[in-house]
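See below for the structure under consideration.
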Amino acid sequence: MDSRLQLRQLVNQFQRFLCDDEDINKYYTLTVPSPVTAQEGLCVLIPCQFTIQETGEAAERPRGYWFIEGDAMSDPSVASNDRKREIREETRGRFKLVGDVNQWDCSLRIDDVSTRDTGTYFFRYEHSRSSRIKYNYNIYPLRVTVTRLQDKPAISLPDRVITGETVTVECTAPGMCSGTAPEITWSFESKSEYNHSFYNTDNLNGTRTNKSTITFTASRDHNNTHLSCTAFFPAVRKQSTSSITLTVECKYSL
């Protein structure tokens, strides 16, 4: 066969392959914010939605997987709703596919964010184990960058602190997270007695807000004293601190 004819046939085959690939890609789309920046010790919730090619084939326990860019399908994933799938040891229990794959939701949450989580990830969908509807969304990469812990605890107190009255000061740890709870401690210049407590509240998106309060009876000795709150994140051994200076007003009686 003429070599020029062979070359032309190969070119035509390659062009058909590209066209077929483009046709498939228009059915398989994914929307995810990228790049995403997260602070070590905190958590990040990454919303994600995807579409697939409609074939009329009934889904049988559809499965979703998040992989590190460059990994083969035989490698462990970083997160999945497939209980039989092997998960990477360094992401196990921290990376969670929280989206409902049945509803085309591929949202990912990363708890106890670590600097080693910096990288590029991609999503894979499988209609069922036996289905031909399987697709790697690696043309829609998720890029995650991890920075040092910068956010500080938020301290709130009453508008007025008056001698003889009970005062409650609240400290909210940075981040709304569902991973390892931070340890919140107080440092009070005053040597007077005080009570402190720790509690958390669950948020609608599955995360958690961690708080602590300190309660004491205000006196003149508290005026111009410093009160500090420290949130320590044991998973990464990082901490951040905020401080305030108390202004105490005298209580006058007629």
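Here is how the numbers come out for the structure above:
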quantity	calculated
All strands (runs of 3 or more DSSP E) inside the range 43-138 with 1 or more residues being among the polar types (S, T, N, Q) and over 21 Å from LYS26 (Cα atoms)	119-126
Search result, residues across the range 139-174 that are within 18 Å of THR215 (Cα to Cα) and in a loop (DSSP other than H, G, I, E, B)	PRO153, LEU157, PRO158, ASP159, ARG160, THR163, GLY164, GLU165, ALA173
Single condition SER74 does not satisfy, out of (1) open to solvent by 30 Å² or more (accessible area, probe 1.4 Å); (2) at pLDDT 95 or above; (3) polar (S, T, N, Q)	(2)
Answer from GLU89, GLU69, GLU60 - the residue that is surrounded by fewer than 15 Cβ atoms within 10 Å (Cβ to Cβ) and free of Cβ contacts under 8 Å to residues at least 40 places away in the same chain	GLU89
Candidates PRO141, PRO153 - the one that is of a type outside the set (Asp, Glu), modelled with pLDDT of 95 or more and over 30 Å from THR55 (Cβ atoms)	PRO153
Some residue of the range 175-185 being surrounded by 14 or more Cβ atoms within 10 Å (Cβ to Cβ), part of a strand (DSSP E or B) and without any contact (Cβ under 8 Å) to a residue 24 or more places away in the chain	no
Leading residue by the ranking (surrounded by the fewest Cβ atoms within 10 Å (Cβ to Cβ)) among those in the range 225-254 that are out of contact with any strand residue (DSSP E or B) (no Cβ under 6 Å at 6 or more places or on another chain) and free of Cβ contacts under 8 Å to residues at least 24 places away in the same chain	LEU254
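The values are calculated or read from the model by the stated rules, or taken from the named source; none is laboratory data. Quick caveat, the model's predicted, so the values are computed rather than measured. Here Cβ is always computed from backbone atoms with ideal geometry, including for glycine, and neighbour counts include all displayed protein chains. What goes into the accessible areas is simple: the full protein's heavy atoms, side chains included, and nothing from ligands, DNA or RNA. Shrake-Rupley method; radii C 1.70, N 1.55, O 1.52, S 1.80 Å.
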